[in-house]
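The values are calculated or read from the model by the stated rules, or taken from the named source; none is laboratory data. Every value quoted in this text rests on a predicted model; they were computed, and no experiment measured them. Positions of Cβ are generated from backbone atoms using ideal geometry, with glycine treated the same way; all protein chains shown enter the neighbour counts.
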Amino acid sequence: MTLKVSGSGCRQYGSGRGWALFSAGVLALFLSGCAGVRGPAPKPVVTKPSAPAEVVVAKPASRPTVIPAPLPEPPARPEPPTNDTVLALLSDARSQADSGNLAAAAASLERAIRIDPRNARLWNRLAHVRLKQKKYSLAASLAAKSSSLSAGNAALLNDNRAIIEQARQGR
């Protein structure tokens, strides 16, 4: 390839392929100079693997065994005063039961309970009558009701337990 320089500029003579190679070389030279000068490459930071953390398992604190003291027996409550009608019905029921008329004695006690439903002694007396009538499950239920109302009356509680035991044996 030959270049001819004239007053109006450069002209190329020869093949177009040579010109392309020349242009590519100049461009490569130019770009290699633009690549810049790099300083030394930074050293890679190497970290050592840390030791595995120690696993601490917290154990629950042991609690001392506490044994509660037994509850004291509730103090005996005095029975509420009974009204005169209830006392008369209770007396009638005793005399009727003693004469063998258990149905009339039960009726008298049931009337007394309708007047004073919180009287544990009335429920106990009716349980005795039902036990004599051989109505065992009813007698046990009535004795249990009497026990629930007789807070602190040990004699009445013992009598109710005896009724319940006799009812179980009679079944």
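Select from the stretch 91-106 the residues that are hydroxyl-bearing (Ser, Thr, Tyr) and under 55 Å from the mean Cα position of the chain (by Cα) and list them in ascending order. Walk me through how you get there before you give the answer.
As a first pass, look at the stretch 91-106 and keep what is hydroxyl-bearing (Ser, Thr, Tyr): 91, 95, 99.
Hit for the stretch 91-106 is Ser91, nothing else.
Within the stretch 119-142, identify whether any single residue is within 20 Å of Asn83 (Cβ to Cβ) and small (Gly, Ala, Ser), and answer yes or no.
yes
With respect to Leu109, is the statement that it is modelled with pLDDT of 90 or more and outside any strand (DSSP E or B) true?
yes
I'm checking my understanding of the structure. Among residues of the stretch 68-86 that are of a type in the set (Val, Ile, Thr) and at pLDDT 75 or above, which one is surrounded by the most Cβ atoms within 10 Å (Cβ to Cβ)? Steps first, please.
First pass over the stretch 68-86, keeping only residues of a type in the set (Val, Ile, Thr): 82, 85-86.
If we keep only those that are at pLDDT 75 or above too, we end up with 85-86.
Details: Thr85: 12, Val86: 20.
The qualifying residue surrounded by the most Cβ atoms within 10 Å (Cβ to Cβ) is Val86.
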